[in-house]
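Take a look at the structure below.
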Amino acid sequence: MGWWLQWWIGLFLMVSGFSMGRMGPAFSRSKIGYPLALFGLGLVFFSTEEGLISNEQIASETMRQTLYWALPGLFGCYIVARGSPIYNVTRPTTLAIGWVILLFSWYVLLTNYDLPGPDVVSSAITIAGLIVVFIAHIFIIRLVETLPRSNETIPPLSEIEKTYVANVLNRHLGDRED
Amino acid sequence: MVEFLLTFSGSLMLGSLLVLINIKAAYHPYHKTIPLIASSLLILGSGLYLSLIASPEGDTALTAMRQATSLAINGLLATLPAVFALVTLMMLRISARPQ
């Protein structure tokens, strides 16, 4: 097996994990979503360039370079969001730490990235292609949603589901006096 | 010109693959998946055909697909600094939000 397969499997696992992680808590697979995405990221990050063809090598190297600034960047954004004023509560220390991390990621980005590179046209074409796919799927979804619904009866909630819904409602509304 | 065609075909294939993976990973019983799968496969096929036209002669379908899709991934990654700039502006806005 070539290393290229590991690289692609890693990418697919990242997308699968993200898709699963976005699902609500009603789906048990949502729990393994983000760990699966991290595992995929690890497969991509630690794959060697042996067996990768030219464009894959460039994409792999770009992805590695991106991770160096994107990971602290994401973490910095999370910390800034935690420290920013919400409902009159501000955490200035958290906010300052978040901005330090965010500025660090910008420093890493600007010292390793050529602005604007020859990739601008390539990026514009990629975005155009993705927009074409997006529009095609929006059209299909609209078409499917206008089709007549089946007469199939949806089964009632099971006992476990009822207990879960009751727990969620109690947790959120139980303390309200009205 | 050939590289642009290869990038465009790659982005078509990348978009379709993302949709197909998402359908499989986030499947639930009330999804009407068949039309989406069919359209994704159609777009994937068109992308593959374009990539075969743009690839050097002798390349297999798999090699053409890998070349084109990785080119599109590279193009997508190149947009991330701009996205990060926008996110940073949003962070600046929420940090300076009046109480």
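Every number in this text was worked out from the coordinates using simple rules, so none of it is lab data. Nothing here was measured: the structure is a model prediction, and the numbers come from that model. All Cβ positions, glycine included, derive from the backbone under ideal geometry; neighbour counts span all protein chains shown.
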query: For all pairs of alpha-carbon atoms in region B:2-95, what percent lies in each bin of width 5 Å, listed from the first bin to the last filled one?
result: 3, 14, 18, 16, 14, 12, 11, 7, 4, 1, 0, 0
- prompt: According to the Kirkwood expression over distinct Cα-Cα pairs, how big is the hydrodynamic radius of region B:52-99, in Å?
  reply: 13.6 Å
- request: Return the distance in nm (one decimal) between the two label points of a simple spin-label model at A:Arg64 and A:Leu173, each offset 7 Å from Cα along Cα→Cβ.
  value: 5.5 nm
field: Cα long-axis angle, helix A:30-45 against chain A (0 to 90 degrees, to the nearest 10)
entry: 10 degrees
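Expressed as a rounded percentage, what relative contact order does region A:1-64 have, with Cα pairs under 8 Å and six or more residues apart? Each step should come with its number before you reach the end.
Working: 80 pairs, mean separation 25.4, N = 64.
The value is 40 percent.
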query: Using the per-residue mean of other Cβ atoms lying within 10 Å as a proxy for protection, in what order, highest first, do the peptides B:84-94, A:59-69, A:161-171 fall?
result: A:59-69, B:84-94, A:161-171
- prompt: Residue-wise, which Karplus ³J(HN,Hα) couplings in Hz belong to region B:2-8, taking 6.51 cos²θ - 1.76 cosθ + 1.60, θ = phi - 60°, and x for glycine or proline?
  reply: 4, 5, 5, 5, 5, 5, 5
message: Distance between the C-alpha centers of region A:27-65 and region B:35-99? Whole Å please.
response: 15 Å
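Evaluate the Kirkwood expression for the hydrodynamic radius of region A:1-52, namely the inverse of the mean inverse distance over all pairs of different C-alpha atoms, and round to one decimal in Å. Write down the numbers at each step before the final one.
Numbers: mean 1/r = 0.0900 Å⁻¹.
About 11.1 Å for region A:1-52.
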field: Vicinal HN-Hα couplings computed from phi for region A:82-99 (Karplus, 6.51 cos²θ - 1.76 cosθ + 1.60; Hz; Gly/Pro x)
entry: 5, x, 6, x, 10, 6, 6, 10, 10, 10, x, 5, 4, 4, 5, 4, x, 5
Relative contact order (%) - criterion: Cα under 8 Å, at least six apart; region: chain A: 13 percent
- prompt: Any idea how far apart A:Ala81 and A:Ala166 come out in nm if each label point goes 7 Å out from Cα toward Cβ?
  reply: 3.4 nm
- prompt: Assuming R0 = 30 Å, what is the FRET efficiency of B:Ala61 and B:Ala38, from their Cβ-Cβ distance, to the nearest 0.05?
  reply: 0.90
message: Among A:Ala136, A:Ala26, A:Ala96, which one shows the highest mean-square fluctuation when chain A is modelled as a Gaussian network with alpha-carbon springs under 10 Å?
response: A:Ala136
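Suppose R0 equals 35 Å. What FRET efficiency, 1/(1 + (r/R0)^6) with r the Cβ-Cβ distance, do A:Glu145 and A:Glu50 give to the nearest 0.05?
0.15
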query: Under the Kirkwood approximation applied to all pairs of distinct alpha-carbon atoms, what is the hydrodynamic radius of region B:22-61 in Å?
result: 12.0 Å
Peptide A:53-60, shielding by other chains (average Cβ, 10 Å cutoff): 6
Semi-axis lengths (Å, descending) of the ellipsoid that matches the C-alpha gyration tensor of the protein assembly as shown: 35, 30, 18
